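Every read-out reported here was derived from the displayed coordinates using simple, explicitly stated rules and does not represent laboratory data. Remember, predicted model here, so these are calculated numbers, not experimental data. All Cβ positions, even for glycine, are placed from backbone atoms using ideal geometry, and neighbour counts span all protein chains on display.
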Amino acid sequence: MSEILEKLSPKAKQIIKLARKKKFVSNTVELPAVTLRFKDITEESFNELFDLIGFNIKQAWEIANAVLELRATNGQIGNYILSDYAQLWFNADKLRNIVRTYPDADEIITTRQLSITFDQMHCFQFINFMQRDKSYINVGMRSCDFYNNFITDMYLAYVAGRKVLYYKQKFDMNFLIGSLHVYKKDLQEFTKVVGKYVV
């Protein structure tokens, strides 16, 4: 655990120390400015990640499918207000059309301009799709509840990447998360399980 905490910022370690002293009322610990990197993610990778993190796979698929099918106009599943995610797919469709109609698809997908941005209060801030030597999905998040939301958010970004770069199946996925929250009771498990992904 100490080795993994060394990867996290000094502020995160300070907050964890304060949390242990019970100076915070909240039952969560905030880890500021965390970067997570996942290599060679495919559709099959998510089964392993769901098992690793112990997340409710049924809820994740339900949310992703609702958004993917553009049923995200009203309603709520878990913590997800579906209308907040409609823009993700409208914009992914626009980018896909750019890629498909461009005379040289290999050229357009090597630009840095295939990005979706979100409004200020959205947990997602941007998702960027790049093709270099590999396919990349780079995600900036204002905030994320790790155990309740992260894997669903990751899956949404992955499916958006497949939609934009429509013939790609495998991605390196990089997340810059301004405020990652973890329940205090899960902190030790988090450092053990997720530490290898922390940059």
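Lysine pair count for segment 140-199 (Cα-Cα distance under 27 Å; residues 8 or more apart in sequence or on different chains): 6. Length gained on full extension, D119 to W61: 18.5 nm, using 0.36 nm per residue less the C-alpha separation. Summing charges over all other residues whose Cβ lies under 12 Å from the Cβ of R96, with Lys and Arg as +1 and Asp and Glu as -1, gives +4. Taking only the C-alpha atoms of segment 107-199, the Rg (one decimal) and the largest Cα-Cα distance, Dmax (whole number), read 14.2, 48 Å.
With a sphere of radius 11 Å drawn around the Cβ of N174, what net charge do the other residues whose Cβ falls strictly inside it have (Lys, Arg +1; Asp, Glu -1)? Provide the component values of the computation, followed by the final result.
Details: positive: R37, K39; negative: D172.
In short, +1.
The packing ranking of peptides 168-176, 188-196, highest mean first, is 168-176, 188-196, where packing means the average number of other beta carbon atoms within 10 angstrom of each residue.
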